[in-house]
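The values are calculated or read from the model by the stated rules, or taken from the named source; none is laboratory data. Remember, predicted model here, so these are calculated numbers, not experimental data. When we count neighbours, we look across all protein chains shown, and the Cβ atoms used for this are built from the backbone with ideal geometry, even at glycine.
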Amino acid sequence: MNEEEILKDKENLESIEDIKDVENKENLENIEDTNCEGKEAGSYEKQKDEDTSQTKEDEPSAEQLIANLEKELSEEKDKYLRVHADFENIKKRLEREKYQAIDYASEKFAKDLLAPIDTLELALKSSTADLEPSELLEKLKEGLNLTLKNFQTVFDKHDITEVETDGEFDPNIHNGVMHVPSEKHEDGQIVEKLQKGYKIKDRLLRPAMVSICKNA
């Protein structure tokens with residue numbers, strides 16, 4: 001074997017050793033990577049187990065759930081009882097106010113009648129005064145007119161109006177008490193108003209008493 005062949009064999013051996021070194025190095029790195037991955041996987045599993053354990057610890061027990069539900073039920077029941085009590089109080093108050101409104105419905109109208117009554121009493125009081133008959137009669141007339149005026153003011157205030165008696169007889173608002181002949185009226189027309197009728201708004205208080213024309 002010459003020197004060149006010896007050198008060539010030596011180079012080949014060095015190359016084979018280099019290749020083996022590289023392979024061994026790669027194998028070591030792969031082993032280290034595998035160990036790292038195993039450690040990481042183990043760490044992950046450990047953390048997962050810890051999280052699962054912590055979650056189980058955080059979850060309330062059946063006794064706690066029942067206690068919480070009973071507490072909520074008690075609170076809702078208390079709210080219902082308070083609302084029901086308020087409703088009953090409002091109902092009683094409205095019922096009381098309704099009956100009071102019925103009992104005192106005419107209170108305002110009664111107050112408005114006090115002024116005409118005062119005027120009438122003053123007119124009667126003047127009849128005892130030491131006056132001449134003509135002067136006394138004039139005072140009484142003045143007092144009566146003022147009383148009627150006060151009554152009319154009260155009627156206007158409460159939408160009380162007189163029933164119309166011009167024209168045809170209407171059995172809904174008129175009370176015909178007699179038939180009379182009349183050259184100025186046609187049959188069925190009102191001849192004379194014998195007593196005034198009144199309405200409060202659209203409701204009839206009293207029909208007007210009238211005579212009705214009926215020519216033979």
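Selection within region 180-215: residues that are touching a Gly at 6+ places or on another chain (Cβ under 6 Å) and closer than 23 Å to V154 by Cα. The member of this set that is surrounded by the fewest Cβ atoms within 10 Å (Cβ to Cβ) is R206.
Of the candidates D112, D130, D118, the single residue that is free of Cβ contacts under 8 Å to residues at least 60 places away in the same chain and either loosely packed, with under 10 Cβ neighbours inside 10 Å or in contact with an Asp or Glu (Cβ under 6 Å, 6 or more places away or on another chain) (or both) is D130.
Looking only at region 84-104, decide whether some residue is outside any helix (DSSP H, G or I) and either in contact with a helix residue (DSSP H, G or I) (Cβ under 7 Å, 6 or more places away or on another chain) or small (G, A, S) (or both). No, the conditions are met nowhere in region 84-104. Taking the condition closer than 21 Å to F155 by Cα, out of contact with any Lys or Arg (no Cβ under 7 Å at 6 or more places or on another chain) and not aliphatic (A, V, I, L, M), does E97 pass? Taking the combined requirement at face value, the residue does not satisfy it. The residues of region 92-123 that are at pLDDT 80 or above, among the hydrophobic types (A, V, I, L, M, F, W, C) and more than 45 Å from the chain's Cα centre (by Cα), listed by number, are L120, L122. Could you tell me which residue of region 105-128 is farthest from K139 (Cα to Cα), considering only residues that are small (G, A, S) and part of a helix (DSSP H, G or I)? Per the stated criteria, the residue is A110. Restricting V163, V177 to residues that are surrounded by 11 or more Cβ atoms within 10 Å (Cβ to Cβ), touching a Lys or Arg at 6+ places or on another chain (Cβ under 8 Å) and within 29 Å of C213 (Cβ to Cβ) narrows the list to V163. Kindly check whether there is at least one residue in region 137-153 that is of a type in the set (D, E) and within 48 Å of the chain's Cα centre (by Cα). No. Here D156 clears all of (1) surrounded by 11 or more Cβ atoms within 10 Å (Cβ to Cβ); (2) within 19 Å of F109 (Cα to Cα) except the condition numbered (1).
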